[in-house]
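What follows is a set of notes on a single structure, which appears directly below.
The values are calculated or read from the model by the stated rules, or taken from the named source; none is laboratory data. These figures come from a predicted structure and were not determined experimentally. Counting neighbours? That spans all protein chains shown, and the Cβs are built from the backbone with ideal geometry, glycine included. Areas reflect the complete protein model, heavy atoms only, side chains present, ligands, DNA and RNA absent. Shrake-Rupley method; radii C 1.70, N 1.55, O 1.52, S 1.80 Å.
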Amino acid sequence: MSALVSRRPYDILLVEDDAADALLIEDALRQVAERRVVQAEDGVAALEHLRDRSTPPPDLILLDLNMPRMNGRELLAVLKNDEDLRAIPVVVLTTSGAPQDVSDAYRNHTNAYITKPIDLDAFTEAVHGIDAFFFRTATLPTRPSA
């Protein structure tokens, strides 16, 4: 492992209202390495967590689109227009493969858009792929202290 690679556990904010999907995602992430996952059930809860100065910002946000109160589309727009939050990488991980949803997400500066596979093995592989890219291949911005 390169000396430049951090050995600390990465923090992920999972914005997902479906408990079963959240559990699958958390299990898949923990199969790969030590990951600290905090779940928010909608955009309002996610913003409350992100704006809490007592917790460090996450290294990555996994974002579902279809949620109550504030949906993922609305949250993504808020995140990418907020000076303090816009540098946090966001991966949309959702059941929607609608071309308009994909276009809108990229127009709002998502870092990646992944349609949740229905097959369990493919779902797990997709989550492992997200983890591999963002935490072992890409160089992430330095995370400010809480």
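Table for the structure above
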quantity	calculated
Residue among Leu85, Leu65, Leu14 that is not in a loop (DSSP other than H, G, I, E, B) and not β-branched (Val, Ile, Thr)	Leu14
Ala112 in contact with a Pro (Cβ under 6 Å, 6 or more places away or on another chain) and either modelled with pLDDT of 95 or more or not aliphatic (A, V, I, L, M) (or both)	no
Complete set of residues in the stretch 101-115 that are open to solvent by 40 Å² or more (accessible area, probe 1.4 Å) and in a helix (DSSP H, G or I)	Val102, Ser103, Asp104, Tyr106, Arg107
Every pair of residues 6+ apart whose Cβ atoms lie under 8 Å, when the first sits in the stretch 116-143 and is surrounded by 11 or more Cβ atoms within 10 Å (Cβ to Cβ) while the second is of a type in the set (Lys, Arg)	Phe123/Lys116; Ala126/Lys116; Asp131/Arg35
Qualifying positions in the stretch 4-62 - more than 15 Å from the chain's Cα centre (by Cα) and of a type in the set (Ser, Thr, Tyr)	Ser6, Ser54, Thr55
The stretch 36-71, residues that are surrounded by 19 or more Cβ atoms within 10 Å (Cβ to Cβ) and either in contact with a Pro (Cβ under 6 Å, 6 or more places away or on another chain) or of a type in the set (Ser, Thr, Tyr) (or both)	Asp42, Leu60
